[in-house]
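Quick note: the coordinates plus some simple rules give every number you see, no bench work behind them. Since the model is a prediction, treat every value here as computed from it, not as a measurement. For neighbour counting, all protein chains shown are included, and Cβ atoms are generated from backbone atoms with ideal geometry for every residue, glycine included.
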């Protein structure tokens with residue numbers, strides 16, 4: 001059974017959890033390079049494009065709205081659980097499958113020691129690192145910057161050590177919530193990333209109300225207002241030009257003020273009962289999957 005997940009350049013924390021978390025939850029040798037059966041794990045990766053002949057085992061993934069809907073009723077998909085009710089609704093699945101994002105299962109794995117001296121932290125979506133100026137904004141605001149492209153153990157350590165996590169990165173919020181670090185969800189700078197937040201939040205009975213955070217520079221202002229990426233060559237040439245530098249500096253100060261205001265607002269956590277119930281159900285689904293697929297792996 002071959003693990004499938006999005007592998008970006010640079011790497012992204014939420015996706016890279018697949019490479020580290022499952023080794024603690026699955027038997028040795030359960031995952032291999034046999035692509036006749038695909039293990040669809042953490043991420044918005046329920047999508048078309050997988051081989052029609054491959055068995056696709058879905059474990060806590062979500063539909064992100066980035067692609068057209070896949071045909072999940074062709075007999076090749078095996079849904080163990082999905083990220084949330086919106087994924088189940090979009091795909092026409094049993095609502096009982098909407099348990100949680102699989103990253104909740106970090107609660108069942110060994111964790112690194114909490115980092116010290118974090119205080120309030122901000123973790124952007126990894127695309128916002130290229131487009132935005134968040135490291136400088138955090139410096140101006142006196143808030144710790146968590147880089148979502150760093151190794152997963154380091155990001156988890158910083159989340160564990162934080163008093164509060166302000167998250168544009170959805171898995172920054174998911175992991176904070178799973179590990180019981182209070183968090184504040186920021187409305188994603190690019191609108192295409194917003195659907196999945198509501199999907200996950202509904203699964204855990206979270207009253208999700210994304211907060212506005214001022215963009216960090218002209219490129220993000222452009223992306224937020226137009227819905228375009230802000231990463232095209234022409235946009236970069238104009239919005240990052242020397243004449244635009246004073247404007248970008250002013251915007252960074254506005255973003256820092258906006259972040260400080262957010263840090264003083266009420267944080268979010270899912271109800272203890274909801275996170276415990278979802279963890280138990282997700283682990284039960286994993287255990288059942290292992291029982292169902294281990295004989296096949298052993299026979300091979």
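Overview of values
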quantity	calculated
Mean shadow area of the range 63-199 over all directions, Cα convex hull, nm²	9.3
The range 28-120: relative contact order in percent, alpha carbon pairs under 8 Å with at least 6 residues between	23
Computed E for residue 290/residue 67 - FRET, C-beta separation, R0 22 angstrom, nearest 0.05	0.15
Share, in percent, of DSSP beta bridges within the chain that are antiparallel, nearest 5	5
Kirkwood hydrodynamic radius (C-alpha pairs) into Stokes-Einstein, the chain, 4 °C and 1.567 mPa s, D in µm²/s	65
Value of relative contact order over the range 119-269, rounded to a whole percent, pairs C-alpha under 8 Å and six or more apart	26
Rg(Cα)/(2.2 N^0.38 Å) for the range 119-269, N = residue count	1.01
Fraction in percent of alpha-carbon pairs per bin - 5 Å, the range 1-112	2, 12, 22, 25, 21, 13, 4, 1, 0
MRE, 222 nm, helices only [DSSP H, n ≥ 4, -39500 (n - 2.57), over the chain, to nearest 500]	-12500 deg cm²/dmol
For the chain, built as a Gaussian network whose Cα springs stay under 10 Å, the top-fluctuating residue of 243, 95, 271	243
Residue exposure sequence - 131, 180, 113, 83 - by fewest surrounding Cβ within 10 Å	113, 180, 131, 83
Cβ-based exposure ranking for 38, 17, in which fewest neighbours within 10 Å come first	38, 17
Crossing angle, helix 245-263 versus the chain [Cα axis fit, 0-90 degrees, rounded to tens]	60
Residue exposure sequence - 214, 81 - by fewest surrounding Cβ within 10 Å	214, 81
Whole-Å semi-axes of the ellipsoid equivalent to the range 100-169 (Cα gyration tensor, √5λ, descending)	21, 15, 10
Relative contact order for the chain, counting Cα pairs under 8 Å that sit 6 or more residues apart, in percent	17
